[in-house]
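The values are calculated or read from the model by the stated rules, or taken from the named source; none is laboratory data. Computed from a predicted model, the values in this text were never measured in an experiment. Cβ coordinates were reconstructed from backbone atoms using ideal geometry, including for glycine residues, and neighbour counts include every protein chain displayed.
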């Protein structure tokens, strides 16, 4: 069940992580029930952030919408997880810069310029995405495992394949 304002009340400058199944959408809370976030250009409030197209587009628009219009029935949390690594900027600066970007069309790339990069830039002054970092680490581990697996197969082939050849030569 998604939190309600009675369960969790975001503070100005908090980052909101919205769970969309295979990915998370990110926004920054700017007060009075509103968030600022990057989403594909659409006419319907909240529709862009719910759509899989939100990760396949090359451009995004910075929007100011009501938290509940964007969250809908999705799970969400307040996630200022990078506070341990970086000092958050002052809330009034986060809000001023977020509001100044509303209506702007920005480049969008799921790996380099996504909604998480956008909100972390506002809160910390650092465009970073743990979602992308984690996906990269998972891919790297899978790649290393594949290389190690191929190396073991090649080693086994060299060890066992060579002995058969030697046996043929000695007979």
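From the list 30, 55, 71, 36, which one is surrounded by 13 or more Cβ atoms within 10 Å (Cβ to Cβ), within 17 Å of residue 14 (Cβ to Cβ) and modelled with pLDDT under 95?
Just one listed residue meets the conditions, 71.
If we keep just the residues of segment 107-126 that are within 11 Å of the chain's Cα centre (by Cα) and assigned to a loop (DSSP other than H, G, I, E, B), which is modelled with the highest pLDDT?
Only one residue tops the list, namely 114.
Considering only segment 103-128, state which residues are touching a strand residue (DSSP E or B) at 6+ places or on another chain (Cβ under 9 Å) and surrounded by fewer than 15 Cβ atoms within 10 Å (Cβ to Cβ).
Passing the criteria: 103, 104, 105, 106, 107.
Taking into account only those residues within segment 3-27 that are loosely packed, with under 13 Cβ neighbours inside 10 Å and under 15 Å from the mean Cα position of the chain (by Cα), which is modelled with the highest pLDDT?
In this case the residue turns out to be 21.
So for segment 77-86 (the condition being farther than 19 Å from residue 130 by Cα, surrounded by 17 or more Cβ atoms within 10 Å (Cβ to Cβ) and modelled with pLDDT of 95 or more), does at least one residue qualify?
There is no residue in segment 77-86 that is farther than 19 Å from residue 130 by Cα, surrounded by 17 or more Cβ atoms within 10 Å (Cβ to Cβ) and modelled with pLDDT of 95 or more.
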